[in-house]
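Just so you know, all these numbers are worked out from the coordinates, no wet-lab data involved. Keep in mind that what you see is a predicted model, and the values were worked out from it rather than measured. As a convention, Cβ positions derive from the backbone with ideal geometry for all residues, glycine included, and neighbour counts pool all protein chains shown.
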Amino acid sequence: MDFEFSARVHELRQQLLGFMDTHIYPNEAAFQAQVDEGDRWESPAILDELKQRARAQGLWNLFLPKAYGEFSPGLTNLEYAPLAEIMGRVVWASEVFNCSAPDTGNMEVLAKYGTAEQQAEWLTPLLRGEIRSAFCMTEPDVASSDATNIRASIVRDGDEFVINGRKWWSSGACNRRCKVYIVMGKTDRDTGNRYRRQSMILVPAGTPGVEVLRPLTVYGFDDAPEGHAEIVFDEVRVPARNLLLGEGRGFEIAQGRLGPGRIHHCMRLIGLAQRALEHLCVRAEERVAFGRPLSKQQSVREAIALSACEIEQARLLTLKAAERMDRGGNKAARDLIAMIKIVAPEMACKVIDRAIQVHGGAGVSQDYFLARAYTVARAVRLADGPDQVHMMQLGRNLAAATAAELDGRHF
């Protein structure tokens, strides 16, 4: 298993590092100021400017694991991992390179499952970065960690489907440029196979009956200009051709979408944790308490050492999962994807929390990125399935596989 950077990845990595140093870090304050001073749900001008620069340099759609015409360089998951880590160091940076969730997952869905007509209407403008999108699965009234609980209905009526339901945590839906939702709901409540009751359908934003009720906050942050919306679908009618793949195929699509999405979250969190560790180290060297730098304190040294160990462990597990995905597909890598989805967000929470502690009161203030970073890491422990669901499924899979492998053997 070779995790050394190829010449191509090394070149892209150097480009990205240079772009971050020149254009992203110096504009963190400007980005936030433009969001706070303007329409919070309109993408700030600095973001559009940076997107143009990134696309001109070929740093665009790096996530898509196959060449897609003019739009994607066709990197593998393993090649993408160190690049996503760099982008993840700043919460909003991935969008600059058209590599931000939920658009990445939605683009993969459309590329893999969409018809030519659906791709022309929605995938192409997404790949160009002209529009944004949202994924509407989670519901406030049921435990959506078990997606069979979903109550939203998608009912056929002639050449149309009628959608009714309430969704929330629909990331991206607050943005003015969000033009399409991928909505998961039930098309058949009676079939014996509970995994064939759900379907996914494309709903253009602004369709009559769609109402974005409010943005939800994460520990008080509204995550503008993206936001996480609560949405009501009330007798929403869309053409039958908007259905993805076919009735009863919603779970199949979800599994195809969530595998890459989960590992992308982990790649970015490793970058965020690495940046937190770097700030921790600088703070420990520069800050003096009780007559000596904090780095002379044993507890601070232990915090640095543990953080470095935990980041590297998560990084290696992420690379192994990415390599397995490339070699055998998402299904072959499902256990490794579950492992890293359990490990990486918790690791990032621990590392960022240690950095906050060493920064003292400054660490929880708006003067540093750490407070916002912690909320992101903590939220990802819930996003794309909470820790407990991944542990439950991973434990089930490992128990069954190990018992079958060792059947009849003494050890």
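Odds and ends about this structure:
- Cross-linked pairs 179/350; 66/320; 51/320; 112/331; 112/167: Cα-Cα separations exceed 26 Å for 179/350; 51/320.
- Distant-in-sequence amide H partners of residue 136 (H built 1.01 Å from N, under 5 Å): 182, 183, 184
- Protection proxy ranking, peptides 385-392, 22-29, 273-280, average beta carbon neighbours within 10 Å, highest first: 273-280, 385-392, 22-29
- For segment 102-230, the square roots of the Cα gyration tensor eigenvalues, ordered a ≥ b ≥ c, give a/c of at least 1.5 with a/b no greater than b/c, which places it in the oblate category.
- Between the amide H of residue 216 and those of 228, 229, 230, distances stay under 5 Å, these residues lying 5 or more places away or on another chain, with hydrogens modeled in the peptide plane.
- Other residues whose C-beta falls under 12 angstrom from the C-beta of residue 231 contribute a net charge of -1, scoring Lys and Arg +1 and Asp and Glu -1.
- Principal axis box of segment 183-334, alpha-carbon based, largest edge first, Å: 71, 41, 23
- Sorted largest first, the spans of the alpha carbon positions of segment 91-143 along the three principal axes are 35, 30, 16 Å.
- The chain - Rg and Dmax from Cα coordinates, angstrom: 21.9, 78
- Folded to 0 to 90 degrees: helix 45-56 orientation relative to the chain principal axis, Cα: 90
- If you run the Gaussian network model on the chain, springs between alpha carbon atoms under 10 Å, then out of 159, 384, 234 the most flexible one is 159.
- Isotropically averaged projected area of segment 304-360, using the convex hull of Cα atoms (one quarter of hull area), nm²: 3.7
- Cα-based shape type of segment 251-402, given that a ≥ b ≥ c are square roots of the gyration tensor eigenvalues and the cut on a/c is 1.5: prolate
- Mean-position separation - Cα centroids, segment 249-328 and segment 151-228, in angstrom: 32
- If you take all other residues with their beta carbon under 12 Å from the beta carbon of residue 168, and give Lys and Arg +1 and Asp and Glu -1, the sum is 0.
- Evaluated over segment 1-74, the Cα radius of gyration and Dmax, each in Å: 15.2, 49
- According to the calculation over all Cα-Cα pairs in segment 207-271, the P(r) per 5 Å bin from zero is 4, 12, 11, 14, 23, 20, 11, 5, 1 %.
- Tilt relative to the chain, helix 298-328 - C-alpha long axis, 0 to 90 degrees, to 10: 40
- When you count the other C-beta atoms within 10 angstrom of each residue and take the mean per peptide, 339-348, 161-170, 115-124, 245-254 line up highest first as 339-348, 161-170, 245-254, 115-124.
- Its DSSP H runs of at least 4 residues, each contributing -39,500 (n - 2.57), put the calculated 222 nm mean residue ellipticity of the chain at -15000 deg cm²/dmol, to the nearest 500.
- The chain: angle of helix 77-87 to the longest principal axis, Cα-based, in degrees nearest 10: 60
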